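Asks: Handing you a structure now.
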Amino acid sequence: MVNVNIIEYQVLTRLKKELSAELTYHNVAHTIDVIRECQAIARAEGVTDEQTLTELHIAAIYHDAGFLFVYNGHEEMGCEMAREELPAFGIGAHSIDNICRLIMATKMPQSPDGLLQKIICDADLDYLGRDDFFLISSNLCKEVLAYKIANNKKEWEERQVHFLQSHTYFTQSSRQSRSPVQWAHIQKLVLDKNKKTGQV
């Protein structure tokens, strides 16, 4: 029987030690959050098969581990890490293939195929429909500016509104529990933007 807790401990320990301090969003806290939400959404969606849940758990552990090496293309690097490290834990080639497909499903823009990919995609962006959205969003803003993905805060805010408006959760449980809060965030962001531009 695979001990996922050992895998989780080893990967998270490395992320804590080696991730750049400029990764204020794609950090250990985010990985832990995705692991937790994968488990919660899987339960809500009625997933009970132990092997399936194990593969989903491991995929969540590795889904952003590639940030240790690169920003763009981190999903592919996460898969490389998984393929190199998981055989030592007794994970077979077929399971590793499944895990890597789950990791790659989180690549933006998300286009999941099947329930498990939908679960990890929804877990990855779970915060969009939660009360801690603005705190987490602020951390993402710092990271985006640090890595020059946006030139300034105004550009970031415009991107964020567009992204939120275009994003839809994939699983029925996330749509029920997160979409209403996400919509409230959109309304607040649009209102704030209009106030700044004098349209209100």
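Asks: Give the Cα extents of the chain along the principal axes, in whole Å, largest first.
Replies: Extents along the principal axes, in whole Å: 60, 36, 23.
Asks: If you don't mind, there's one more thing I want to ask. Roughly how tilted is helix 28-44, in degrees to the nearest 10 and between 0 and 90, from the longest Cα axis of the chain?
Replies: That works out to roughly 80 degrees.
Asks: Averaging the inverse of every distinct alpha carbon separation and then flipping it gives the Kirkwood radius. What is it for region 69-108, in angstrom units?
Replies: Values: mean 1/r = 0.0966 Å⁻¹.
Final number for the Kirkwood radius of region 69-108 is 10.4 Å.
Asks: Report residue 191's accessible area, 1.4 Å probe, all protein chains in place, as a number in Å² to the nearest 10.
Replies: Roughly 80 Å² of residue 191 is accessible to a 1.4 Å probe.
Asks: Mean 1/r over all different Cα pairs, inverted: what Kirkwood radius does region 1-100 give, in Å?
Replies: Working: mean 1/r = 0.0726 Å⁻¹.
One decimal place: 13.8 Å for the Kirkwood radius.
Asks: Let me ask another. In region 125-152, whose amide N lies under 18 Å from the spot 7 Å out along Cα-to-Cβ of residue 196? List them in ranges.
Replies: 133-152
Asks: Given +1 on the Cβ of Lys and Arg, -1 on the Cβ of Asp and Glu, and no further charges, what dipole in debye does the chain carry about its Cα centre, rounded to the nearest 20?
Replies: On the way: 21 positive and 27 negative charges, 185 e Å.
Rounded to the nearest 20 debye, it is 900 debye.
Asks: Same structure, new question: How much length is gained if the chain between residue 132 and residue 166 is pulled fully straight, taking 0.36 nm per residue apart and subtracting their Cα-Cα distance, in nm to one decimal?
Replies: Details: separation 34, 0.36 × 34 = 12.24 nm, distance 1.99 nm.
Additional length available on full extension: 10.3 nm.
Asks: Something else about it: Which three lengths, in whole Å and largest first, does region 130-200 cover when its Cα atoms are put on their principal axes?
Replies: Result for region 130-200: principal-axis Cα extents of 36, 32, 20 Å.
Asks: As an exercise, use a Förster radius of 22 Å and the Cβ-Cβ distance of residue 3 and residue 76 to find the FRET efficiency, rounded to the nearest 0.05. It would help to have the intermediate numbers written out before the result.
Replies: Details: r = 26 Å, r/R0 = 1.20.
Efficiency, rounded to the nearest 0.05: 0.25.
The values are calculated or read from the model by the stated rules, or taken from the named source; none is laboratory data. Here the structure is a predicted model, which means the values were calculated and not measured. Note that we place each Cβ from the backbone using ideal geometry, even for glycine, and neighbour counts take in every protein chain shown. These area figures cover heavy atoms from the full protein model, side chains too; ligands, DNA and RNA do not enter into them. Shrake-Rupley method; radii C 1.70, N 1.55, O 1.52, S 1.80 Å.
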